[in-house]
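This structure is in structure tokens; I'll ask about it shortly.
The values are calculated or read from the model by the stated rules, or taken from the named source; none is laboratory data. As the structure is a computational prediction, the values presented were derived from the model and not from experiment. Cβ coordinates were reconstructed from backbone atoms using ideal geometry, including for glycine residues, and neighbour counts include every protein chain displayed.
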Amino acid sequence: MFIKATEGQTYTDPNFTANVKGALSAWVMVGMYHFLRATSAAAARAEAVHYAKSLEEIGGEKALQLPPVMDYENNPNGISKRQINIVAKAFLTELERLTGVKPIIYTGNSFASNFDSGLSGYDLWIARHSLTQRFQMISLHGRPGPYGNIAMQARFQALRAMWV
């Protein structure tokens with residue numbers, strides 16, 4: 001289960017700590033995500049610092065079973081594709097530096113087309129929502145499955161065993 005932790009440079013979900021503790025006490029595998037709002041590399045790094053600090057509230061990254069997630073799925077300020085990639089890379093590299101864990105990118109199907117090959121080293125989790133179906137796909141680069149690299153409907157409890 002992925003639980004929202006933070007958004008932007010200052011917002012922390014008021015139920016975040018209680019949600020994580022509740023999920024862990026129910027023996028649910030837990031990860032957390034940050035909703036990215038940055039429009040510059042400096043702001044993205046500041047958001048990564050804010051997100052990483054929220055980890056400390058629950059005992060650090062070792063308290064979680066799933067990697068951290070950057071939720072980047074909209075562009076309300078109309079920044080360029082190039083800037084979208086600069087922002088994403090700044091957030092991801094700063095978060096990995098702070099936590100020692102390589103994050104996953106979560107995005108919508110259409111927004112994913114903004115990402116360039118500079119982000120190809122990160123696992124990509126794509127949400128596809130419709131009125132009749134809620135489907136989520138994760139592409140785990142370099143994570144072998146029985147028939148090659150994994151690209152399947154996200155069921156993280158089952159996938160974690162392969163996440164070595």
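Residue by residue, here is whether (1) part of a helix (DSSP H, G or I); (2) farther than 16 Å from Val69 by Cβ; (3) at pLDDT below 95 holds:
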| site | (1), (2), (3) |
| --- | --- |
| Gln9 | no, yes, no |
| Leu24 | yes, yes, yes |
| Ala38 | no, no, no |
| Ala42 | yes, yes, no |
| Glu47 | yes, no, no |
| His50 | yes, no, no |
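Further question on the same structure: Could you check Asp123 against (1) over 16 Å from His50 (Cβ atoms); (2) acidic (Asp, Glu); (3) surrounded by fewer than 18 Cβ atoms within 10 Å (Cβ to Cβ) and say which number it fails?
Result: Asp123 passes all but (3).
Could you check the stretch 1-18 and list, in sequence order, the residues that are under 21 Å from Thr39 (Cβ atoms) and hydroxyl-bearing (Ser, Thr, Tyr)?
Keep residues of the stretch 1-18 that are under 21 Å from Thr39 (Cβ atoms), which gives 4-12.
Scanning the stretch 1-18 gives Thr6, Thr10, Tyr11, Thr12.
Give the number of residues within the stretch 3-15 that are touching a residue at least 12 places away in the same chain (Cβ under 8 Å) and in contact with a strand residue (DSSP E or B) (Cβ under 9 Å, 6 or more places away or on another chain). If you could, list the steps in order and put the result at the bottom.
Step one: of the stretch 3-15, the residues touching a residue at least 12 places away in the same chain (Cβ under 8 Å) are 3-10, 12.
Narrowing further to those that are in contact with a strand residue (DSSP E or B) (Cβ under 9 Å, 6 or more places away or on another chain): 3-8, 12.
Residues in the stretch 3-15 being touching a residue at least 12 places away in the same chain (Cβ under 8 Å) and in contact with a strand residue (DSSP E or B) (Cβ under 9 Å, 6 or more places away or on another chain): 7 in total.
Name the single residue, out of those in the stretch 32-54 being more than 18 Å from Ile105 (Cβ to Cβ) and among the hydrophobic types (A, V, I, L, M, F, W, C), that is surrounded by the most Cβ atoms within 10 Å (Cβ to Cβ).
Once the filter is applied, the top-ranked residue is Ala46.
Okay, residues lined up against (1) touching a helix residue (DSSP H, G or I) at 6+ places or on another chain (Cβ under 8 Å); (2) acidic (Asp, Glu); (3) in contact (Cβ under 8 Å) with a residue 12 or more places away in the chain; (4) over 22 Å from Ser117 (Cβ atoms):
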residue: Thr17; (1), (2), (3), (4): no, no, yes, yes
residue: Tyr33; (1), (2), (3), (4): no, no, yes, yes
residue: Ala41; (1), (2), (3), (4): yes, no, yes, no
residue: Glu47; (1), (2), (3), (4): yes, yes, yes, yes
residue: Met70; (1), (2), (3), (4): yes, no, yes, no
residue: Asn75; (1), (2), (3), (4): yes, no, yes, no
residue: Ala88; (1), (2), (3), (4): yes, no, yes, no
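For Thr17, only one of the following conditions fails: (1) farther than 13 Å from Thr99 by Cβ; (2) not in a helix (DSSP H, G or I). What is its number?
Failing condition for Thr17: (2).
Just to verify a result, which residue in the stretch 76-104, among those that are charged (D, E, K, R) and farther than 18 Å from Thr6 by Cβ, is surrounded by the fewest Cβ atoms within 10 Å (Cβ to Cβ)?
Residues of the stretch 76-104 charged (D, E, K, R): 81-82, 89, 94, 96-97, 102.
Next, only the ones that are farther than 18 Å from Thr6 by Cβ stay: 81-82, 89, 102.
Numbers: Lys81: 12, Arg82: 10, Lys89: 18, Lys102: 14.
Only one residue fits best here, namely Arg82.
Any idea which of (1) touching a residue at least 24 places away in the same chain (Cβ under 8 Å); (2) out of contact with any helix residue (DSSP H, G or I) (no Cβ under 6 Å at 6 or more places or on another chain) is the one Ser80 doesn't satisfy?
(1)
Still on this structure, please answer the following. Please pick out the residue among Thr17, Thr6 that is out of contact with any Gly (no Cβ under 6 Å at 6 or more places or on another chain), of a type outside the set (Asp, Glu) and buried (at least 17 other Cβ atoms within 10 Å of the Cβ). Break it down into steps so the answer makes sense when it comes.
On the way: Thr17 fails: buried (at least 17 other Cβ atoms within 10 Å of the Cβ).
Exactly one of Thr17, Thr6 is out of contact with any Gly (no Cβ under 6 Å at 6 or more places or on another chain), of a type outside the set (Asp, Glu) and buried (at least 17 other Cβ atoms within 10 Å of the Cβ), namely Thr6.
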